[in-house]
1. Give, as a single signed number, the net charge of other residues whose beta carbon lies under 13 Å from the beta carbon of Asp180, with Lys and Arg counted +1 and Asp and Glu -1.
2. Once the Cβ-Cβ distance between Glu8 and Val188 is put in as r, and R0 is 22 Å, what FRET efficiency do you end up with, to the nearest 0.05?
3. What is the extension gain from Thr48 to Glu89, computed as 0.36 nm multiplied by their sequence separation minus the C-alpha to C-alpha distance, in nm to one decimal?
4. State which entries of Lys6/Lys111; Lys85/Lys143; Lys143/Lys187 exceed 25 angstrom in Cα-Cα distance in the structure shown.
Amino acid sequence: MDNLTKREHWERVKGIVGDALDCEPARRIAFLDEVCGSNATLRAEVETLVAAYEKASGLFQDTFPSVSLETAAPSDMIGDYRLIKKLGEGGMGQVWLAEQTAPVERQVALKLVRAGLYDESLLRRFQAERQSLAIMDHPVIAKVFDAGTTESGQPYFVMEYVQGTPINTYCDQHQLKIRDRLELFIKVCDGVQHALWRWTASRCRASLTSGSRRR
């Protein structure tokens, strides 16, 4: 498939996904039967994107109350998660190693908006980030398990905690040859491609729902 054909194909997929999401669930199967016909590949792409969007939308329907934020500390409980130690901090939020206490016990990574940075613009960016991550489904991308807000209104989301070393350190420690390094890098690129595909689909859907849609 050349670049032009890929763009045309994506435009078609994007249009079908938008229309499918507008359909009542009871009519969606008949609609896809009509527009996809016998093209099983097209049908699978559309159904995957529709399912991913609906799953992400259901997970992140909470709103953010206008309250002051508190500073998190080790041993604090956020829902069913006990904070253990801070793993990192950026311009928008903090990432904590946490222990989930119910309904299962496991270590997770919990990200929440950094204390003292409460404004609508930041919260929209934070919500967009966690929704984009929620629709990812790839072996090299950590999964989102949960999302919500603290009692003080501080939004957070919970992800799979993956313990490991930087990829260059891993390659050096295992003395990987050039071919093996490239094969590992290809796996990473495949994950990045998946993330860009899902992120683009999510942004296109958001654009469609915020304005008029061409028919």
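Rule-based calculations on the coordinates, nothing more; no lab input. Since we're looking at a predicted model, the values are computed, not measured. Neighbour counts run over all protein chains shown; Cβ positions are idealised from the backbone, glycine included.
1. Counting the neighbours of Asp180, the net charge comes to +2.
2. It comes to 0.15.
3. Value of the extension gain: 11.4 nm.
4. Correct reply: Lys6/Lys111.
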